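Taking it in order: structure first as structure tokens, then the write-up.
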Amino acid sequence: MEEQGYIELRVTNKDNTLSPKDIDINEVKDFISDVESFLYPNRKEKQNRPHISYDIEEGSAKHKFFLPITAVILFNGLTSEIKNRNNLDFLDYKRQSIIDKFQKKAVKEGYVIEFNNSMSKESSLVIDYTTNFEMIAPTFYESEFYLYGEIYQEGGKSPNLHISTKKYGNLTISATKEQIMDGEKKTYKPYGIKVRGKKSFEDDSLTDLELIEFIQYKPVFNKSLLNKVIEKASVNLSKIANVDSWLDDIKAEGI
């Protein structure tokens, strides 16, 4: 069994009166979720993470997490680097957002949050109402996207169309009159559309979408074509020792 250690977030307030009984369960839930996401930012890492146990202790309020020493080393390294650089610019978006969240909580509640761990006698990082750890990563990126679903409304004074998709729900796409009027009426028919717009780093939501072109969507199951593709791929698939594990590694979000 791997050596175990702990990480600790010690929270105090301005008049040093805080105790575990003052911490609401929603705040406890946030601390647990944020620490997990700071250590394991993406879905696959969360699925494969080691066992983590939690306790809240006296001494103001100490949120304590018991976990393998490799995770403690990662936590100590990241928080120490934030302290040394005094900024977040080296972190990925998810980790930046979590530190930014702690910073906002410290300012709003008048908290001092000390990041401690079993590897060091001193705090690796302190966030309070005087520090200024703000996100510098962009919240979205601009690109072109392909969307598939049923168009359920077109037109309007400011021309647009509405499409219902499985992955993103109902979306509004701005368009020109010419794009909407061209060809047959598309309402209540399955279509693919190519759009440009913004995609959020935080939750993958799409915004500011503009229509580029329609793609007529006619999904047809072709068993003969499928068999040919399987036959062609089987040569290389046979070289993979564990196909299930390989497929898990290449799966994208939402699949």
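The values are calculated or read from the model by the stated rules, or taken from the named source; none is laboratory data. Since this is a predicted model, take the numbers as computed values, not measurements. Neighbour counts run over all protein chains shown; Cβ positions are idealised from the backbone, glycine included. The protein model used for the area step is the full one, side chains on, heavy atoms only, and it has no ligands, DNA or RNA in it. Shrake-Rupley method; radii C 1.70, N 1.55, O 1.52, S 1.80 Å.
A few comments on the model shown:
- The Cβ shell under 9 Å around PHE65 holds other residues with a net charge of -2, Lys and Arg each +1, Asp and Glu each -1.
- Projected label distance in nm at ASN87 and LYS44, using a 7 Å step from Cα toward the beta-carbon: 3.0 nm
- Mean-square fluctuations from a GNM of the chain, with a 10 angstrom spring cutoff on Cα atoms, peak among SER60, SER200, SER224 at SER224.
- The slack in the chain from GLU3 to GLU134, taken as 0.36 nm per residue of separation less the alpha-carbon distance, amounts to 43.7 nm.
- The residues LYS29, LYS232, LYS105, LYS185, sorted by heavy-atom accessible surface at 1.4 Å with ligands and nucleic acids left out, run LYS232, LYS185, LYS29, LYS105 from largest to smallest.
- Shape category assigned to the chain from the gyration tensor of Cα positions, a/c cut at 1.5: oblate
- Shape call, the stretch 73-219: gyration tensor on alpha carbons, a/c limit 1.5: prolate
- Per-residue Karplus couplings for the stretch 23-39, computed as 6.51 cos²θ - 1.76 cosθ + 1.60 with θ equal to phi - 60°, are listed in order as 8, 5, 4, 5, 5, 4, 4, 4, 4, 4, 5, 5, 5, 4, 6, 5, 7 Hz, Gly and Pro entered as x.
- Placing ASP203, ASP128 in order of accessible area, with the largest value first and a 1.4 Å probe, yields ASP203, ASP128.
- Most fluctuating residue given options ASP100, ASP204, ASP182, as computed from a GNM of the chain linking Cα atoms under 10 Å: ASP182
- Site pair SER19 and LYS239 shows an inter-label distance of 6.7 nm when each label is modelled 7 Å from Cα along Cα→Cβ.
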